[in-house]
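A short write-up of the structure that comes next.
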Amino acid sequence: MTRIDAKFADLKARGKKAFVSYVMAGDPDFDTSLEIVKGLPAAGVDIIELGLPFTDPMADGPTIQLAGQRALDIGMTLDKTLAMAAAFRETDDTTPIVLMGYYNPIYSRGVDKFLVQAKAAGIDGLIIVDLPPEEDDELCIPAQAAGLNFIRLATPTTDDKRLPRVLQNTSGFVYYVSVTGITGAAEADADDVGPEVARIKSRTDLPVIVGFGINTPAKSRAIAGVADGAVVGSAIVAMIGAGKPVSEVLAFVKTLSDGAHSI
Amino acid sequence: MAEDLFNSFMNGPDERGRFGDFGGRFVSETLMPLILSLEEEYEKAKTDDSFWAEMNDLWTHYVGRPSPLYYADRLTQHLGGAKVYLKRDELNHTGAHKINNVLGQIILARRMGKKRIIAETGAGQHGVATATVCAKFGLKCVVYMGAHDVERQAPNVFRMRLLGAEVIPVTSGRGTLKDAMNDALRDWVTNVRDTFYCIGTVAGPHPYPAMVRDFQSIIGKEAKEQMMAAEGRLPDTIIAAIGGGSNAMGLFFPFLDDTSVNIIGVEAGGKGVNEKMEHCASLTGGRPGVLHGNRTYLLQDDDGQILEGFSISAGLDYPGIGPEHSWLHEIGRAKYVSITDVEALEAFELCCLQEGIIPALEPSHALAHVMKIAPTLPADHLICMNMCGRGDKDIFTVAKALGFEMGEFA
């Protein structure tokens, strides 16, 4: 059982929905970023998605692209991203960390070496956007064997025929992408998302978390109402990008988590 | 029996879209169903005579194929060695090889009922070709072009606009072809249901590398027949410039199993292939990685971050290369070299003066390598070089590089 599995078991026992937040590791700098990440659990974050910076984030909108650029500009690397997770783990052994990003930095490191390092750093799961089920033997299967969850994206274009394949090697939870598009662009609509979540849940016992297009406490609440939880990324990253103080960023995160937890 | 034992170089890719370890389908889940349906439609079209009948008709009457295979007499005399033939794909409608592929993809898009076409472009040749074919068929066309390229390829931007296309300057990254491709993929993932992504090179997720190669292979098929007609035998060496590598793959593919033919791909060496990475030579200066849907050789740093290439030629300014080239490089069937900006400019000028052909900067790189090797080869050695584009689009860049004041053209 990973920290992710334990977290969902705990939420279920308490009758609560999950609130998941995304921040880019190293944005705007290492120390501030670590301070934000360390403050997330107290701001009501159940699972932390930690962005691994990449030069060519093809599924991300301008907000997260720029965050990645800022992180790379101050010299953020895969090693430093893992070091940040390890530093977080020194004081928090229960909040799951999911590393989210693209495959090339991991492939460049070497999958086996990366998995050992990620596990040692206290990473619990991976969301790698450009690895569909067709490429499962690249990282998904080795990651599961190493005891890390591999969390798959399901999207509005994932039809019933394809869904079993998407769910097959997924673990931890399923991340349903609420819109066809990039992060931080279109707005998620709970009326559209609800039936899709139900469709996925009819095929799996895994929790289904919804992300993309959730940017307010009301949206967070509405989406959590039709799923097992909500993810917010760009709206938080935009505040960090605007240079807001850590306390203000965390206060905003608290309003979002309160939204999801009020269900 | 003999046939079973024959190990062809032309069987790739496998069912996973791999050429050896290269290629594949490294895309987000949103795009995956589209890519599978594109593959299915392409497999159907490939064996459908009516599809090829439409292609051949348009190739003949709209593009102007076959393009000539031209014996470059004065250039041959000047270089004093091997006999140099130029495959004149710069004479195609729109001025480059790009339209060979665009026609195929647009006919496919029409069969799939897609009404909106998007494309990325570097030098603008693929954008112009896509805008052209979209105008012909009355389809909406959106072209993503790096802001830096919009500036250095202004004539092609205007051409695209004349043809009714919307040109979107891309400011992310350094504003070149790589960034244009990222934004085209972002558009596609947003508008999956009505949009067809017309990729301009032999890269991207499967089936694009194979599909674009198949459409461009008309170059090599014609060259083979034309060389047989002219000389009664195959060429000894075939040469083409490589950015993503579509004109090269088109020339090379039909010759892959003719093992007597030397195959040479010429990458853009920019200011020189060195540790400063001011070049676009993915094979000579990069290593394998995953970008834009495929595994291939990439310019990247030690941490797997993609580097911006550098070349005077916007069409070669891409940090990756088609996966089939990576495979041909690793198995040694093709040889890859690099040519610097300075060498390409010398070849550009020489071609103008010796043959009365203003070449694009992209094939000027291939020609520069011909200039290096032809003098060292015997007179009966046959070289076939792909003159894949004309240089009209490049005259401003070349003027600047040569320190020539154009004055005002108003």
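Any read-out appearing in this document is the output of simple, stated calculations on the displayed coordinates, not a laboratory observation. Values in this document were obtained by computation on a predicted structure and should not be read as measured data. Because the Cβ atoms are built from the backbone with ideal geometry, glycine has one as well, and the counts that use them run over all protein chains shown.
Of all beta bridges DSSP finds with both residues in the protein assembly as shown, what is the antiparallel percent, to the nearest 5?
Values: 15 of 76 bridges.
Bridges in the protein assembly as shown are about 20 percent antiparallel.
Which of the pairs A:LYS17/A:LYS219; A:LYS119/A:LYS161; A:LYS38/A:LYS244 have their Cα atoms more than 22 Å apart in this structure? Spell out each step's value before the answer.
On the way: A:LYS17/A:LYS219 14 Å; A:LYS119/A:LYS161 34 Å; A:LYS38/A:LYS244 17 Å.
Violating the 22 Å Cα-Cα cut-off are A:LYS119/A:LYS161.
To the nearest 20 Debye, how big is the dipole of the stretch B:339-410 about its Cα centre, given +1 on the beta carbon of each Lys and Arg and -1 on that of each Asp and Glu? Charge dipole of the stretch B:339-410: 140 debye, to the nearest 20. Per residue of chain A, the DSSP helices (runs of n ≥ 4 H) give a summed -39500 (n - 2.57) that works out to -13500 deg cm²/dmol at 222 nm. Excluding same-chain neighbours fewer than eight residues apart, the aspartates and glutamates reachable from B:LYS98 by a Cα-Cα span under 14 Å are B:ASP89, B:GLU90, B:GLU120, B:ASP214, B:GLU362. Averaged over peptide B:186-199, the number of partner chain Cβ atoms lying within 10 Å of each residue's Cβ comes to 3. Separation of the stretch B:277-307 and the stretch A:166-207, taken as the distance between their Cα centroids, equals 33 angstrom.
Kindly state, as a whole number, the per residue volume in cubic angstrom of the convex hull around the alpha carbon atoms of chain B. Could the numbers behind the result be given before it?
Details: hull volume 58.4 nm³, N = 410.
Hull volume over Cα atoms, normalised by residue count, gives 142 Å³.
Taking every residue in A:175-184 and counting other chain Cβ atoms within 10 Å of its Cβ, the average works out to 3.
Peptides B:98-104, A:46-52, B:184-190, B:229-235 ranked from most to least packed by the mean count of surrounding Cβ atoms within 10 Å: B:98-104, A:46-52, B:184-190, B:229-235. Restricting the chymotrypsin sites (Phe, Trp or Tyr not before Pro) of the stretch B:1-94 to loop positions (DSSP other than H, G, I, E, B) with no more than 12 neighbouring Cβ atoms within 10 Å leaves B:PHE6.
Charged side chains reduced to their Cβ positions (Lys and Arg at +1, Asp and Glu at -1) give the stretch B:1-116 a dipole of some 660 debye around its Cα centre.
Summarising the label geometry, the points placed 7 Å from Cα in the beta-carbon direction at B:ALA135 and B:ASP302 lie 5.1 nm from one another. Dipole of the stretch B:2-87 (Lys/Arg Cβ +1, Asp/Glu Cβ -1, origin at the Cα centre): which of B:THR30, B:THR76, B:GLY17 lies farthest to the positive side? Final value for the positive-end residue is B:THR76. Its alpha carbons considered, the stretch B:216-347 gives a radius of gyration followed by a Dmax of 15.3, 52 Å. Among beta bridges identified by DSSP and lying wholly in chain B, the antiparallel ones come to about 30 percent. Dipole of chain A computed with +1 at Lys/Arg Cβ and -1 at Asp/Glu Cβ about the Cα centre; of A:LEU250, A:ALA235, A:ALA222, farthest Cα towards the positive end is A:ALA222.
Dividing the Cα radius of gyration of chain A by its Kirkwood radius returns 0.92 for Rg/Rh. For the peptides B:334-345, B:148-159, A:7-18, the ranking by packing is B:334-345, B:148-159, A:7-18, with the highest mean count of neighbouring Cβ atoms within 10 Å listed first. Counting, for every residue in A:125-132, the Cβ atoms of other protein chains within 10 Å of its Cβ and taking the mean gives 5. Put a plus charge on the Cβ of each Lys and Arg, a minus charge on the Cβ of each Asp and Glu, and nothing anywhere else: the dipole of the stretch A:3-261 about its Cα centre is then about 580 debye. When the helices of chain B are scored as -39500 (n - 2.57) per DSSP H run of n ≥ 4 and the total is divided over every residue, the value at 222 nm lands at -12000 deg cm²/dmol.
Going by average Cβ neighbours within 10 Å, how do the peptides A:84-90, B:43-49 rank, with the highest at the top? Please list the in-between numbers first.
Values: A:84-90: 17.4, B:43-49: 12.1.
Going from most to least packed, we get A:84-90, B:43-49.
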